[in-house]
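Heads up, the thing below is written out as structure tokens.
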Amino acid sequence: MNGVGSRLSRGRWKAPTALGVAAVVVAGAGWLGVESGVLGGGSGSGDGYVAAPVNNAAPAKASVADGSSGVTPDTPVVLTAPAGETIGSVTLADAAAHAVAGSYSADRRTWTSAADLRVADTYQLTAETSAPSVNGVGLQHETFSTANEENNIRFDDMYPVDGSTVGVGQPVVLEFEHPVPQADRAGVEHALTVYSTPEQPGSWGWLSSQRVDYRPRNYWKPGTKVHVAMSLSGVQIGDGQFGAKDHSLDFTVGRDQETLVNLASDHATVYRDGQEVHSFAVTGGMPGLDTWAGTYAVIDKSSDVRMDSRTAGLGDAYDIPDVKWDVHFTYSGSYIHSAPWSMSAQGVTNVSHGCVGTNPGDAEWYFDSTLPGDVIRVINSPRTAALGNGFNDWQESWSSWQAQSAI
């Protein structure tokens, strides 16, 4: 199950006390040998420990120099033990005690961090080395800081609104300010985790270089609680762009409402939890400007919209300053809205410039009864909207949708 409640955020957890030796106080950068009795207690103390020897092991070589600044977040931290020595315990943690995972080589002569660092943060590295030939132990402590937030991942849009209640068709939509190169999309996707209660399988899908959506396999179950964790700090998106901070959003899925707009009969039927609750006459787009067919989730709604044909590339065909009760379902400007000027055509023929028009009373009822994320399905139109023209992820089969994922 891709991304649903199954991963920790890139290996971060509460850091343990460094090396388990709380009695050792490291006063500054550099390295310290562990003197007799610090780790083990003095001989003859009756506690069963053997005193550490006087001769000390040399410190490991760190790939990031002590005191460095401006370290890029994707830089791996590598420790290499001197000849004849091995690396023991290692702790690498940021200022908030988030530890970074790492792995040892088979011979324990190297240790390599296994997760990206956070942007604009300070890290402390504590490592133990041992020299079996002289029975010596060494302890080193270093500090460095990562690059600032000048080049960071920003969002143009993020849907749904945090804390909102939405319909069963609502996808998670993230639109980035800058394109994400193909090579970096898997890294971004790995940093995005969706938790749902109850759990439901789902997948991320890249609709473009700047937009990635998450949808469940089927519509959300009514009452589902969804938490989206975006652990993007330090994640690279190319051209020196890194996430500067983590984000999250939460939303709740309301009741199941789906609307079928049939442009052959020029009627819309509203179903709630599978039962018809309302129907009304409509008019769709005239031939050549047909309303886009497809399955959509409502983007948003507004009680009053100025509709100007020039924004749709239709010249001076119309400019209506106060169209009422507007439910928005494509980026190209499709709405279900009040159209008192076309009431004679509603239920009879399609005469609009692409929207779905109805009478003022039904338009107001529909506006009041609709949530963002409610499903709208338009049928019997000769043209279908391209994927990404609104929240129409549901036009893809599950296997086709999974193929949009970078991982």
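Only residues that are without any contact (Cβ under 8 Å) to a residue 40 or more places away in the chain and among the polar types (S, T, N, Q) were counted across the stretch 219-235, and they come to 1. Selection within the stretch 219-269: residues that are at pLDDT 95 or above and on the phi > 0 side of the Ramachandran plot. The member of this set that is most open to solvent (accessible area, probe 1.4 Å) is Gly223. Among the conditions (1) of a type outside the set (S, T, N, Q); (2) in contact with a helix residue (DSSP H, G or I) (Cβ under 7 Å, 6 or more places away or on another chain); (3) surrounded by 14 or more Cβ atoms within 10 Å (Cβ to Cβ), Arg272 misses just one, which is (2).
Could you tell me which of the residues Val194, Val180, Val188 is in contact with a His (Cβ under 8 Å, 6 or more places away or on another chain) and open to solvent by less than 10 Å² (accessible area, probe 1.4 Å)?
Val194
The one condition from (1) in contact with a strand residue (DSSP E or B) (Cβ under 8 Å, 6 or more places away or on another chain); (2) closer than 19 Å to Pro73 by Cα that His190 does not meet is (1).
Return the total of residues in the stretch 281-303 being crowded, with 19+ Cβ neighbours inside 10 Å, hydrophobic (A, V, I, L, M, F, W, C) and over 27 Å from Asp213 (Cβ atoms). Residues meeting the conditions: 1.
In the stretch 320-365, what residues are assigned to a loop (DSSP other than H, G, I, E, B), under 38 Å from the mean Cα position of the chain (by Cα) and surrounded by fewer than 16 Cβ atoms within 10 Å (Cβ to Cβ)?
Result: Tyr331, Ser332.
Suppose we keep only residues that are assigned to a loop (DSSP other than H, G, I, E, B) and modelled with pLDDT of 85 or more within the stretch 117-131. Which one would you say is most open to solvent (accessible area, probe 1.4 Å)? Ranking the qualifying residues of the stretch 117-131, first place goes to Asp121. In the stretch 384-402, what residues are in contact (Cβ under 8 Å) with a residue 40 or more places away in the chain and open to solvent by 70 Å² or more (accessible area, probe 1.4 Å)? Result: Thr384, Gln402.
Listed by first and then second residue, the pairs linking a residue in the stretch 160-185 that is without any contact (Cβ under 8 Å) to a residue 40 or more places away in the chain and part of a strand (DSSP E or B) to a residue that is surrounded by fewer than 20 Cβ atoms within 10 Å (Cβ to Cβ) and hydrophobic (A, V, I, L, M, F, W, C), with Cβ atoms under 7 Å apart and 6 or more places separating them unless they lie on different chains, are Glu175/Phe155.
Residue check: Val134 meets all listed conditions (1) in a strand (DSSP E or B); (2) over 22 Å from Gln236 (Cβ atoms); (3) not aromatic (Phe, Trp, Tyr) but one, namely (1).
Among what's in the stretch 95-112 and is small (Gly, Ala, Ser) and either at pLDDT 95 or above or open to solvent by 20 Å² or more (accessible area, probe 1.4 Å) (or both), pick the residue that is farthest from the chain's Cα centre (by Cα). Step by step, filter the stretch 95-112, then rank; the result is Ala106.
Filtered by the rule that a residue be outside any loop (DSSP other than H, G, I, E, B), closer than 27 Å to Ser164 by Cβ and not basic (Lys, Arg), the stretch 366-382 gives Tyr366, Phe367, Asp368, Val375, Ile376, Val378. Taking (1) at pLDDT 95 or above; (2) basic (Lys, Arg); (3) open to solvent by 50 Å² or more (accessible area, probe 1.4 Å) in turn, Arg215 satisfies each apart from (3).
Taking each residue of the stretch 334-352 that is on the phi > 0 side of the Ramachandran plot and looking for partners that are open to solvent by less than 20 Å² (accessible area, probe 1.4 Å) with beta-carbon atoms closer than 7 Å, six or more apart or interchain, yields Gly347/Asp266.
The values are calculated or read from the model by the stated rules, or taken from the named source; none is laboratory data. Note that this is a predicted model, so its numbers are computed, not measured. Here the Cβ is made from the backbone with ideal geometry for all residues, glycine too, and neighbour counts use every protein chain on show. Accessible surface areas use protein heavy atoms only, side chains included; no ligands, DNA or RNA. Shrake-Rupley method; radii C 1.70, N 1.55, O 1.52, S 1.80 Å.
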